[in-house]
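Student: Here's a structure for you.
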Amino acid sequence: MNLRRREEARQPVSKSLAINKRRLLGDLNAISRIGLGDHGSVTRLVFSIKELRSRQLLIHLMTQAGLKVHVDRIGNIFGRLNGANPNAPAVLAGSHLDSVVHGGKFDGPVGVIGALEAVRTLKENKVALPCPVEVVCFVGEESSRFGFSTLGSSLLAGQVRMQDLTNAVDAHGTKLEDVLSSMGVYRDTLASLKRDPDSVKAYLELHIEQGPVLEAKKKKIGIVTAIAAPTRLRVVFTGQADHSGTTPMEMRKDALVAAALLIAYIEEACRKYSKMENGRVVGTVGAMKIEPGVINAIPGKAELSVDIRSISAKAKQRVARLVESRAREIAAKRKISLEILPIRSEEPVALDESLLPLIEGICKEKNIPYEIMPSGAGHDAMQMAKITRAGMIFVPSKKGISHSPLEWTAPEEICLGAQILLETMLRVANEQG
Ligand code: GLV
Ligand code: MN
Ligand code: MN
């Protein structure tokens, strides 16, 4: 980090520039009512009607705020406020509006509406900006539908290769590639979605922590150093469906038993490597399809989704290789067939080193307790970091719970996060050079 940036990180924060908390919380609430289900859960799977409606509402809010709105072919939304030089690289801030199945209200929308509120505040207060600022909503950050995460930001950052899409299929057999072509996005046009890195000055993302650290340490803000990235596989065991009453135990080719053994092994391998490596390794089988899936038939086919993550690329690759070889051993021993389909494997990403002290400086000036920490969850920032300086601000998650209707962040914590985002955006916009 150069000295000038260090100096700027110390400049006092404008006292008068404050976000409109009521408006921020009102819009957040309006978004969370789209896709609302039982027990306050939210379901807005990528490219579903509900998710589309949430994006339409955002376009409305951006237009109402007087921002220049642009939607790219895949559905990424940009709301721009120009500065003195409209051709200067823009400071981007945002997140996503899609959700997991039966998720919470905060994962994603806090960052999108928080950024919108920050930009509205700049506009209303007629703050002189040297460069444009943009609110961005990325499409398809969650992998819940296709097993493919950070779709919109990956495309924007030029990170999607043709072969990445091949194995991305939803639970109903719909291929991601087919959904994209129905929107006029084809393999040979993927590259056209890439944004010119020279048009971006930095990317900032406000997000809920989705873990227990801030609450446990009584900190209000997290400043993110690095993001763990997933390696994802689809593993398919194919045995023989047969009668559950007549087939002797030693004559069975039960695909689900093979899957169960592999699931238990994934847990064992991740626990072992978490202890050995400094980097935590986590592994999850979050979805499984069994055929024929009835009480009186031996499962002939079991298809599992495997998600392995770590901040350490080495540890993650090691565990992924062990899982693959154990799957082969299980299949061979049980004389059933096995297919391993890689979905995507990504490198953990370090966030920008100059943005971290800048955010830290703001927290210190305001006497806000903060924590410098890595992120175990994936975020659009990990793709944006490949084309620009990327920084993330976390706000606490009650009991660390996320991807659940119990996800909760107190309104005042969300507002504080949005205020820090606003001040960070302003300082980054004003950085020289
Ligand atoms: C996004 O929430 C993820 O799965 O990490
Ligand atoms: Mn999520
Ligand atoms: Mn998220």
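Student: Once you sort the root eigenvalues of the Cα gyration tensor of the stretch 130-211 as a ≥ b ≥ c, which label holds: rounded (a/c under 1.5), prolate (a/b larger than b/c) or oblate (the other case)?
Tutor: In terms of gyration-tensor shape, oblate.
Student: Using 0.36 nm per residue of separation minus the Cα-Cα distance, give me the extension gain between Ser48 and Glu215 in nm, one decimal.
Tutor: Additional length available on full extension: 56.8 nm.
Student: For the chain, set up a Gaussian network in which alpha carbons nearer than 10 Å are linked by springs, and say which option among Leu416, Leu261, Leu204 fluctuates the most.
Tutor: Of the options given, Leu261 has the highest mean-square fluctuation.
Student: Next up: On the accessible surface of the chain, probed at 1.4 Å, how many percent belong to carbon and sulfur atoms?
Tutor: Heavy-atom surface of the chain belonging to carbon and sulfur, 1.4 Å probe: 53 percent.
Student: Compute the distance from the alpha-carbon center of the stretch 21-42 to that of the stretch 160-186, in whole Å.
Tutor: 29 Å
Student: Can you bin the stretch 125-170 into rounded, prolate or oblate? Criterion: square roots of the alpha carbon gyration tensor eigenvalues sorted a ≥ b ≥ c, rounded for a/c under 1.5, prolate for a/b above b/c, oblate for the rest.
Tutor: Cα axes put the stretch 125-170 in the oblate bin.
Student: Helix 21-32: angle to the longest alpha-carbon principal axis of the chain, degrees 0 to 90, nearest 10?
Tutor: It works out to around 30 degrees.
Student: Here is a further query. Angle check, please: helix 411-430 long axis (alpha carbons) against the longest principal axis of the chain (alpha carbons), in degrees 0 to 90, nearest 10.
Tutor: 60 degrees
Student: Here's a follow-up. Using only helices, what value at 222 nm comes out for the chain when you add -39,500 (n - 2.57) per DSSP H run of length 4 or more and divide by the total residues, to the nearest 500 deg cm²/dmol?
Tutor: On the way: 13 runs with 151 residues, N = 433.
Computed mean residue ellipticity for the chain: -10500 deg cm²/dmol.
Student: Amide H of Glu371: which non-local residues (sequence gap of 5 or more, or other chain) have their own amide H closer than 5 Å, using H built in the peptide plane?
Tutor: Under 5 Å from the amide H of Glu371 lie the amide H atoms of Ile221, Gly222, Ile223, each far enough along the sequence or on another chain.
Student: Another question, then. Among 181-187, 280-286, 399-405, what's the highest-first ranking by average C-beta atoms within 10 angstrom per residue?
Tutor: 280-286, 399-405, 181-187
Student: Moving on. Please sort by residue number the GluC sites (Glu not before Pro) in the stretch 334-412 whose DSSP state is loop and whose Cβ has at most 15 other Cβ atoms within 10 Å.
Tutor: Those that pass, being in a loop and sparsely packed, are Glu353.
Student: So what are the three principal axis dimensions of the chain from its Cα atoms, in whole Å, longest to shortest?
Tutor: Sorted largest first, the three principal extents are 78, 46, 41 Å.
Student: With everything on Cα atoms, drop me the angle between helix 109-124 and the longest principal axis of the chain, reported from 0 to 90° to the nearest 10.
Tutor: Tilt of helix 109-124: around 10 degrees.
Student: Once phi is turned into ³J(HN,Hα) by the Karplus curve 6.51 cos²θ - 1.76 cosθ + 1.60 with θ = phi - 60°, what whole-Hz value does each residue of the stretch 369-384 show in order, with x for glycine and proline?
Tutor: x, 10, 9, 9, 7, x, 10, x, 8, x, 8, 4, 4, 6, 7, 4
Student: Another question about this same structure. Suppose a student asked you for the relative contact order of the chain, using Cα pairs under 8 Å spaced at least 6 residues apart; what percent would you report?
Tutor: RCO, the chain: 24 percent.
Student: Any idea how far the Cα center of the stretch 248-290 sits from the one of the stretch 397-433, in Å?
Tutor: 36 Å
Student: Could I ask something else about it? How long are the three semi-axes of the equivalent ellipsoid for the stretch 51-115, computed from the Cα gyration tensor as the root of 5 times each eigenvalue, in whole Å, largest first?
Tutor: Values: eigenvalues 113, 31, 23 Å².
Values for the stretch 51-115, descending: 24, 12, 11 Å.
Student: Starting from the amide H of Ile311, placed 1.01 Å from N in the peptide plane, find each other amide H under 5 Å away whose residue is 5 or more places distant or on another chain.
Tutor: Arg280
The values are calculated or read from the model by the stated rules, or taken from the named source; none is laboratory data. What you see is a predicted model, and the numbers here were worked out from it, not measured in a lab. Don't worry about glycine lacking a Cβ; one is built from the backbone with ideal geometry, like all the others, and counts go over all protein chains shown. Just so you know, the surface numbers come from the protein's heavy atoms only, side chains and all, with ligands and any DNA or RNA stripped out. Shrake-Rupley method; radii C 1.70, N 1.55, O 1.52, S 1.80 Å.
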